[in-house]
1. If I ask for residues that are more than 19 Å from the chain's Cα centre (by Cα) and of a type in the set (F, W, Y), which ones from the stretch 79-114 would you list?
2. What number of residues within the stretch 90-127 satisfy the criterion of being in a helix (DSSP H, G or I), hydroxyl-bearing (S, T, Y) and touching a Lys or Arg at 6+ places or on another chain (Cβ under 7 Å)?
3. Does at least one position in the stretch 96-111 carry a residue that is in contact with a Phe, Trp or Tyr (Cβ under 7 Å, 6 or more places away or on another chain) and either buried (at least 18 other Cβ atoms within 10 Å of the Cβ) or of a type in the set (F, W, Y) (or both)?
4. May I ask you to list pairs of residues, at least six apart or on different chains, whose Cβ atoms are under 6 Å apart, with the first in the stretch 28-52 being β-branched (V, I, T) and the second being assigned to a helix (DSSP H, G or I)?
5. Counting only residues that are within 18 Å of the chain's Cα centre (by Cα) and open to solvent by 50 Å² or more (accessible area, probe 1.4 Å), which one in the stretch 152-171 is nearest to M118 (Cα to Cα)?
6. Of all residues being in contact with a Leu (Cβ under 8 Å, 6 or more places away or on another chain) and part of a helix (DSSP H, G or I) in the stretch 17-54, which is least open to solvent (accessible area, probe 1.4 Å)? Just the residue, please.
7. Taking into account only those residues within the stretch 117-171 that are on the phi > 0 side of the Ramachandran plot and out of contact with any Asp or Glu (no Cβ under 8 Å at 6 or more places or on another chain), which is modelled with the highest pLDDT?
8. Restricting to the stretch 176-218, give me the number of residues that are β-branched (V, I, T), over 19 Å from L12 (Cβ atoms) and open to solvent by less than 40 Å² (accessible area, probe 1.4 Å).
Amino acid sequence: MTPPVEAVLFDLDDTLCVYEQTADEVLAAAFEAVGVQPFFDGDEYVARFDEFLDAGEEIVDIRRACFATFAEEAGYDSALGHDIAAAYTERRDPSGVAFTPGAREALDAVADEYRVGMVTNGDPTLQTPKLDSLGIGDRFETVVHGGVDAPYKPNPEPFHVALDELDVEPEQAVHVGNSLESDVRGALAAGVRAAWIANGTDPDPQPDYVFETVAGVAAEPWR
């Protein structure tokens, strides 16, 4: 028999919040700032982000390595990629975020009944302003930053760090996230049930629960 859920872990980016300014909008401004026509877009940046997780602990280091590779692949010097990354960082406001549909309600629904934590890829200098802007920093008993407190998701260690701090066993927890690779694969590797926010693709690996939006968490289907 599956043990009852005692803790709910949440991802942050694109699960509980989204940037009010899209990656493509910030990239367009960054390309304009360095005086070159765009040669990659936000979708490519997001899709290949995980390839560069070894570049450093902070998001700026990962972005710098990512953009340098994109520049080289497009026939430019890596230094141009570094310049674009710097321009992007200068124009990306980490506090300029908004809740995803149903996110506030989902947090309200679980906060009184479950231990609540966060497992997010990204350093505190990037993620903490988002929590502060949304006014939800106090909702989480623990926040584990993949890449700083533990390796990046999908490594299972950040999930284990969060659960150790909550004093909850993996089989008693659910992790809610939008990424099949980072969230679903990472949670399953940690022995945690995975709840996936669907994006229209076929899920692989297969999550335990699928929601159209994070609002589905409010229904607590694992009860």
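The values are calculated or read from the model by the stated rules, or taken from the named source; none is laboratory data. Not measured: the values here are computed from a predicted model. A quick note on method: Cβ atoms are made from the backbone with ideal geometry, for glycine too, and the neighbour counts reach across all protein chains shown. Accessible surface is based on the protein model in full, side chains and every heavy atom, while ligands, DNA and RNA are left aside. Shrake-Rupley method; radii C 1.70, N 1.55, O 1.52, S 1.80 Å.
1. Y114
2. Counting residues in the stretch 90-127 that are in a helix (DSSP H, G or I), hydroxyl-bearing (S, T, Y) and touching a Lys or Arg at 6+ places or on another chain (Cβ under 7 Å) gives 0.
3. Yes, the stretch 96-111 has at least one match.
4. Between residues of the stretch 28-52 that are β-branched (V, I, T) and residues that are assigned to a helix (DSSP H, G or I), the close pairs are V34/D83; V34/I84; V34/A87.
5. H160
6. G42
7. Taking the candidates together, the pick is D167.
8. Of the residues in the stretch 176-218, 0 are β-branched (V, I, T), over 19 Å from L12 (Cβ atoms) and open to solvent by less than 40 Å² (accessible area, probe 1.4 Å).
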